[in-house]
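Notes to accompany the following structure.
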Amino acid sequence: MKQKLSRQSENISLAGVVVVLFIVFTILQPNMMTVFNIKNILVQVSLTAIAAAGMTFAYTAGVFDMSIGSVLALISVVVAKVATTAGVFPAILAAFAIAAAVGILNGLIVTKLGIQAFAATLVSMILIRGIAVLMADGADVPLYSVNAIKFISSGTILGIPFPIILTALVYAVSYFLYYKTEFGMKIRSVGSNADASRISGIRTQRMITAAFILTAVTAVFSSLIKTAQVMFGKATIGEDFALDVMTTVILGGTVITGGKGNLTGTLIASVLIAVIKNGLNINNVNSYYQQLAIGVILIFALIFNGIKTMRNTRQIRREG
Amino acid sequence: MKKINLGRHAVILILIVLWGIMFALNESFRTGANLGSILREASSTGIAALGMTFIIIMGDFDLSIGSMLAFAGMIMAGCMENMGIVPALIMGAAAGLVCGLINGIIIAYFRVPAFITTLGTYYSLRALAYIFNDANTIICTDTAFLKIGTGSIAGIPIPFLIFLVLAAVLAVILNRTTYGRHVRAMGNSEKACRISGIDTKKVKCAAFVLMGLCTAVSSVIVTARQACASPDVAANFHFDAITMVVLGGTKMTGGEGSIFNTVIAAVLYASVSNCLNLYHVDAQWQRVCMGLILLAAFSFDFIQKHFAGLRERSQKKTIQSI
């Protein structure tokens, strides 16, 4: 009960920061407060928010995925290649199949070879990026001939941009999976104590692999939106995507060491990141300063997270 | 018969075999200029790998070193224009030290996992390197400075000499001092160290400062070799350094490792990439190759354990059948 309360108050304060920042940026540059720009921000939100939902599962299971930016690039190239030759639906199917394969591969490397998650995904990051560049043959794959793809980024249903609907759907499913199903409970259990979970009959390796698959599969949605935005299959996109997603998840209050995630926090944090990026953009701040800002925010979020964990452990020790 | 630990000597064997084959097959490989360039290449990343050896033995990682190298290089080159070579080198070292200290404080005193902290500094420092001179390259013209990267004494490249001296010093620190013992003990069990009264936070923080200093030295060599400091240099530096350390047999889980093997692995890694270059392998394929090498190095531990397990089982079976 107390935990739930503290999570709520964290979410509310995070949302407060979003509102304050938005107001500050609006004062600096009134163009911030236009319908067009807000729609822009929300589409921006959907890019990181969707992948961050998957990453929240990974963090909860006690692992994390550095290769997500490379997955973004690989899927982008695959979608462009298949869509121009075989059509949109085969392209999307292929994208999900490949993402699932990447997730399984990551999971197998981590669980079967016993390599730490981030080291393993550091390797797959390099390998997947290499495959993406080789597939694209060093050039962008144009998508102009396939107009249907455009719908994913700029289409609307009942006036609501499609990426936002997609985000809502992904989060609805994630919420259900995370809080209401046995699967979610098992993931949380594996993250907080893998040994105890194994002894009590949970197949921990499968859970970890599942978390990797979820991360890669949610990255497909992000990749589709990004690809539809630029209308190119690009092997160079997503270089700092991992930073954005990690920052989002940690800022959202998910515990780094696993076991406890906060999906609402993740969603709010992705709005925060998007508002910052958009606000700096609209005020003509150089993109390097944006990267610096996100990096510094990540570091402060980490420090905050560290202090919180230390306080918790001290409290547990005191209460015995 | 004394059992030879294959894991410990595998790197040097592979290096000898590779060099043997390449000496026999490829004429351009055995030229003095090419060997010199292998050693220079090995040194520039290898020096950072020395610091990384400490970090990995402790059970942590540092992903930020590439950005740190670019940042320190920019500061150094920027100072060199106005202040001369010695203050510039001092400023470069100071930049490395401060970056390492920031990493160390966050990781040790706020107990944040190293890889995620250094991911944050990885992006922040890279951004700072770009901001420092508006994303422009700074050219270095000081001939004495350029000598550090391109000169050689008695036929041996200066970077390699620096590499060897540093390796010797760090090997002594790791194997012969209390601090080194603490680092190794931390890799085995941080909790046990804390309970037995070691100031684990200070040990950890110092290791990251050491990493920063090593990176600064690497930065001197890289900048001097290229005769300029550019903000986009060394994008995969952390990856190369980690590969060298792991290739050198340092256990990823910490507690065990050797500086000597890291030196050999650095030369091996540089030789492999040199060979790929000699046979005109595409840069992307090279990266994929290096990725596979790292994966193989990572799984080496697993393979060893697996075979040890198999051997034990077969021994048990023979005993049972008797």
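The values are calculated or read from the model by the stated rules, or taken from the named source; none is laboratory data. This structure is a prediction, so every number in the text was calculated from the model and none was measured. Methodologically, a virtual Cβ is constructed for each residue, glycine included, from the backbone with ideal geometry; neighbour enumeration extends over all protein chains shown. SASA here: full protein model, heavy atoms, side chains in, ligands and nucleic acids out. Shrake-Rupley method; radii C 1.70, N 1.55, O 1.52, S 1.80 Å.
Under a 5 Å amide H cut-off, with hydrogens placed 1.01 Å from N, B:C228 pairs with B:C140 among residues at least 5 apart or on other chains.
What the phi angles of region A:168-178 give under the Karplus curve with 6.51, -1.76 and 1.60, with θ = phi - 60°, is a coupling list of 4, 4, 4, 5, 4, 5, 4, 4, 4, 4, 6 Hz, glycine and proline written as x.
Close amide-amide hydrogen proximity is noted between B:S152 and B:I158, each under 5 Å apart and 5 or more residues distant or on a separate chain (H modeled in the peptide plane; Pro and chain starts excluded). Over chain B, the pair-distance histogram of Cα-Cα distances with 20 Å bins from zero comes to 31, 56, 12, 1, 0 percent, rounded to whole numbers.
Put the Cα centre of region B:278-297 next to the Cα centre of region A:261-295 and the gap is 35 Å. According to the square roots a ≥ b ≥ c of the eigenvalues of the Cα gyration tensor, what is the shape class of region B:1-104, taking rounded for a/c under 1.5, prolate for a/b larger than b/c otherwise, and oblate for the remainder? Judged from the Cα gyration tensor, region B:1-104 comes out oblate (a/c at least 1.5, b/c at or above a/b). Between B:P113, B:P231, B:P157, the residue with the greatest mean-square fluctuation in the GNM of chain B (Cα pairs under 10 Å linked by springs) is B:P113. Each principal axis of the protein assembly as shown carries a Cα extent, and these read 77, 75, 58 Å when sorted largest first. Bridgeable aspartates and glutamates around A:K277 (alpha carbons under 14 Å apart, same-chain partners fewer than 8 residues away excluded): A:D240, A:D244. Only lysines eight or more places from B:K316 in sequence, or on another chain, were considered; those with a Cα closer than 25 Å are A:K112, B:K2, B:K3, B:K305. Positive-end ranking of A:M207, A:A148, A:A194 along the dipole of region A:136-212, with charges on Cβ about the Cα centre, is headed by A:A194.
Taking θ as phi - 60° and the Karplus parameters 6.51, -1.76 and 1.60, the scalar couplings of region B:130-140 work out to 5, 5, 3, 10, 6, 6, 9, 7, 10, 8, 9 Hz in sequence order, x denoting glycine and proline. Annotation: amide H-H contacts under 5 Å for A:G233 (H modelled 1.01 Å from N, sequence separation of 5 or more, or interchain): A:V141, A:L143. Counting Lys and Arg as +1 and Asp and Glu as -1 over every other residue whose Cβ lies under 15 Å from the Cβ of A:I92, the net charge comes to +3.
Pairing chains A and B buries close to 3500 square angstrom of accessible surface in total, based on protein heavy atoms and a 1.4 angstrom probe.
Within the accessible surface of chain B, defined with a 1.4 Å probe on protein heavy atoms only, the carbon and sulfur portion equals 65 percent. For region A:90-247, the normalised intensity computed at q = 0.12 Å⁻¹ comes to -0.64 (log10 of I(q)/I(0), Debye sum over alpha carbons, equal scatterers, no solvent).
Cα-based radius of gyration for region A:163-293, normalised by 2.2 N^0.38 Å, reads 1.21. Looking at the protein assembly as shown, the accessible area is 44 square angstrom per residue; that uses a 1.4 Å probe and ignores ligands, DNA and RNA.
Place a +1 charge on the Cβ of each Lys and Arg in region A:2-319 and a -1 charge on the Cβ of each Asp and Glu, then give the dipole magnitude about the Cα centre in debye, rounded to the nearest 20.
980
Based on Cα contacts under 8 Å between residues 6+ apart, chain A shows a relative contact order of 34 percent. As a calculated quantity, the FRET efficiency between B:E81 and B:R194 at R0 = 35 Å, using C-beta atoms, amounts to about 0.15. Here is the tail figure for chain A: Cα pairs spaced more than 36 Å apart come to 17 percent of all pairs.
Between region A:34-113 and region B:218-236, what is the C-alpha centre distance in whole Å? Comparing the Cα centres of region A:34-113 and region B:218-236, I get a distance of 34 Å.
Across region B:183-197, computed HN-Hα scalar couplings (Karplus, 6.51 cos²θ - 1.76 cosθ + 1.60, θ = phi - 60°) run 4, 5, 5, 4, x, 6, 7, 5, 5, 4, 4, 5, 5, 7, x Hz from first to last residue, x flagging Gly and Pro.
Here's the list of aspartates and glutamates a cross-link from A:K308 could span, going by alpha-carbon distance under 18 Å and ignoring same-chain residues fewer than 8 apart: A:E10, A:E319. Only Cα pairs under 8 Å and 6+ residues apart enter the sum, and on that basis the relative contact order of region B:1-129 stands at 25 percent. In percent, rounded to a whole number, the relative contact order of chain B is 33, using alpha-carbon pairs under 8 Å and six or more apart.
Please say if region B:122-211 is rounded, prolate or oblate, where rounded means a/c under 1.5 for a ≥ b ≥ c the square roots of the C-alpha gyration tensor eigenvalues, and otherwise the choice is prolate for a/b larger than b/c and oblate otherwise? Here region B:122-211 falls in the oblate category.
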